[in-house]
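Below is one structure, written out as structure tokens; comments come after it.
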Amino acid sequence: MKKEFQKIRETLSRLDKIQTSHIESFDTDLMPDLERQLIERKEEFSKLKKSVSRFITNTELNSDTDTESIIVFIERINTLLGQNKVLEAKVKAHREGLRESMKKISRGKQVIGSYGSPFSVSNRPRAINLTN
């Protein structure tokens, strides 16, 4: 049973470190790799799920220490859920910022295109006759 506790504890620690680094990446990186971050979190979460499932199927709560350990795990999981909400808000803000930047770039392209003379495009020869 201690082995299952240790695996859960290690996985929770890794998830905490991963989510903390992903949250910090929005402050330090210009363009965080959201896809890579999502894959990393999914892998660790699946490991956590497997460890908890194994723990539940292999053990029965026999002592107060088991109950206390589970309470600690639940508190850590709630902390991870809070981090997940912060991460979700940062991703939404990042996407919105990208969306606004794309709109500005689109407007800029339209403005630059309108600077050209309307006659310069339509008065160009379409074909050149080289025969005399």
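The values are calculated or read from the model by the stated rules, or taken from the named source; none is laboratory data. This is a predicted model, so every value here is computed, not measured. We place every Cβ from the backbone using ideal geometry, glycine too, and count neighbours over all the protein chains shown.
Here are the numbers:
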| read-out | value |
| --- | --- |
| Those helices (runs of 4 or more DSSP H) lying entirely in the range 28-132 with at least 3 residues at pLDDT below 90 and among the small types (Gly, Ala, Ser) | 64-114 |
| Per-region count, the range 22-54, residues free of Cβ contacts under 8 Å to residues at least 12 places away in the same chain, hydroxyl-bearing (Ser, Thr, Tyr) and either surrounded by 13 or more Cβ atoms within 10 Å (Cβ to Cβ) or over 29 Å from ARG95 (Cα atoms) (or both) | 1 |
| Tabulated pairs, the range 77-92, first touching a residue at least 40 places away in the same chain (Cβ under 8 Å), second of a type in the set (S, T, N, Q) and crowded, with 16+ Cβ neighbours inside 10 Å, C-beta under 7 angstrom, 6+ apart or interchain | LEU80/GLN19; GLN83/GLN19; ASN84/GLN19; LEU87/GLN19 |
| Filter result for the condition that a residue is within 17 Å of ARG9 (Cβ to Cβ) and acidic (Asp, Glu), over GLU24, GLU35, GLU68 | GLU68 |
